[in-house]
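Derivation of every value follows stated rules applied to the coordinates shown; laboratory data play no part. What you see is a predicted model; the values in this text were computed from it and never measured. Virtual Cβ from ideal backbone geometry, glycine too; neighbours counted across all protein chains shown.
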Amino acid sequence: DVGQTTKDGAVTLEICRCVGACSQAPVVVVDEEAAGRVKPNKLPQLIRKCTAQ
């Protein structure tokens, strides 16, 4: 859910208005690195990348 953090503290889901990458929307930012044109099926891969670090 938006605004929630996983129990291990690795992932927090937030919504923001602008990251300056409108031409790449929808955009997901992980550790200050933007990933553009993200489809829902790509989210698990991005989350795994984040939690593996």
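Sequentially through segment 32-42, phi angles give Karplus couplings (6.51, -1.76, 1.60; θ = phi - 60°) of 6, 10, 7, 10, x, 6, 7, 9, x, 6, 8 Hz, Gly and Pro residues having no value and appearing as x.
Taking every alpha-carbon pair under 8 Å whose residues sit at least 6 apart, the chain reaches a relative contact order of 26 percent. Of the residues GLN45, LEU13, ALA34, the one whose Cα sits farthest towards the positive end of the charge dipole of the chain is GLN45 (charges of +1 on Lys and Arg Cβ, -1 on Asp and Glu Cβ, taken about the Cα centre). Proximity of backbone amide H atoms, modeled 1.01 Å from N, is registered between VAL11 and THR6 at under 5 Å, excluding neighbours fewer than 5 places apart on the same chain. Only one item in (i) 5, 19, 25, 21, 16, 9, 5, 1; (ii) 4, 23, 25, 18, 12, 9, 5, 2, 1, 0; (iii) 4, 17, 30, 28, 16, 4, 1 matches P(r) over Cα pairs in 5 Å bins from 0, in percent derived from the coordinates shown, and that item is (iii).
Ordered by packing density, taken as the mean number of other Cβ atoms within 10 Å over each peptide's residues, highest first, how do 20-31, 3-14 rank? Mind showing how you got there, number by number?
Working: 20-31: 11.8, 3-14: 9.8.
Final packing ranking: 20-31, 3-14.
Compared with the dominant principal axis of the Cα atoms in the chain, helix 43-52 is inclined by about 50°. Put a plus charge on the Cβ of each Lys and Arg, a minus charge on the Cβ of each Asp and Glu, and nothing anywhere else: the dipole of the chain about its Cα centre is then about 280 debye.
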